[in-house]
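The values are calculated or read from the model by the stated rules, or taken from the named source; none is laboratory data. Source: prediction; values computed, not measured. All Cβ positions, glycine included, derive from the backbone under ideal geometry; neighbour counts span all protein chains shown. The area values use the complete protein model at the heavy-atom level, side chains included, leaving out ligands, DNA and RNA. Shrake-Rupley method; radii C 1.70, N 1.55, O 1.52, S 1.80 Å.
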Amino acid sequence: MRADAARNLELLLTTGARMLADDPATSIAAIAAAAGVDRRTVYRRFTGREELLAAVYEARLDAIEAAIETARLREAPVPVALHRYVEEIVGVNRKWPAELAMMRTDPEIWTRRQRSVEEVDRFLQRATDEGVLRDGVPERWPGNVLGQLVHLATREMPGLSDAQAADVIVDTFLRAFGTDR
């Protein structure tokens, strides 16, 4: 793909992610106009809104998987990996604000998302095993709370950089679940 075509595709997808998150009924024509591309350009690549939305989800999942890899959840020291992961995911949520509940309609996309959730759950179990997080907390609760904190911070603290938002989220998360080591 040519560099300009790749840029246009990413702009179309990020614009589509933002607009569809705000209004799932947004038209392809409105997304194309906001992205600064011709509607025909969109239809050459996608047959309709559902196909565009699937491409948005794929791009979001690619970014989530890259964030998990960058954070090195399996080998980096837990505090470092936690902050790096949260910072990366805040960036993903800001760039790809797609409505996650709609991802359930595509089994392949949902399965891929669940693999990422399981990777984070394994990391949080490692954090517990290493004494960074308290033991005895209901299963999946820390992961669910972390996800909600990231979601909330992404929406409610737009003036903070990704790193600053991660500072707030990690501090809040560790105050709730940490062992005060």
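Assorted remarks:
- Pairs with Cβ under 6 Å, 6+ apart, first in segment 149-174 and more than 16 Å from R84 (Cβ to Cβ) and in a helix (DSSP H, G or I), second at pLDDT below 95 and open to solvent by less than 60 Å² (accessible area, probe 1.4 Å): T154/N93
- Of everything in segment 86-110 that is among the hydrophobic types (A, V, I, L, M, F, W, C) and open to solvent by 20 Å² or more (accessible area, probe 1.4 Å), the residue that is farthest from S27 (Cα to Cα) is W110.
For every residue, the table says whether it meets (1) out of contact with any Pro (no Cβ under 8 Å at 6 or more places or on another chain); (2) open to solvent by 30 Å² or more (accessible area, probe 1.4 Å); (3) among the aromatic types (F, W, Y); (4) not in a helix (DSSP H, G or I).
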{"site": "A5", "(1), (2), (3), (4)": "yes, yes, no, no"}
{"site": "N8", "(1), (2), (3), (4)": "yes, yes, no, no"}
{"site": "P24", "(1), (2), (3), (4)": "yes, yes, no, yes"}
{"site": "V37", "(1), (2), (3), (4)": "yes, no, no, yes"}
{"site": "Y43", "(1), (2), (3), (4)": "yes, yes, yes, no"}
{"site": "V56", "(1), (2), (3), (4)": "yes, no, no, no"}
{"site": "E75", "(1), (2), (3), (4)": "yes, yes, no, yes"}
{"site": "R84", "(1), (2), (3), (4)": "yes, yes, no, no"}
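- Within segment 151-177, if we keep just the residues that are surrounded by 17 or more Cβ atoms within 10 Å (Cβ to Cβ) and at pLDDT below 95, the residue that is farthest from the chain's Cα centre (by Cα) turns out to be A153.
- Flag not set for T15, criterion: among the hydroxyl-bearing types (S, T, Y), open to solvent by 50 Å² or more (accessible area, probe 1.4 Å) and modelled with pLDDT of 85 or more.
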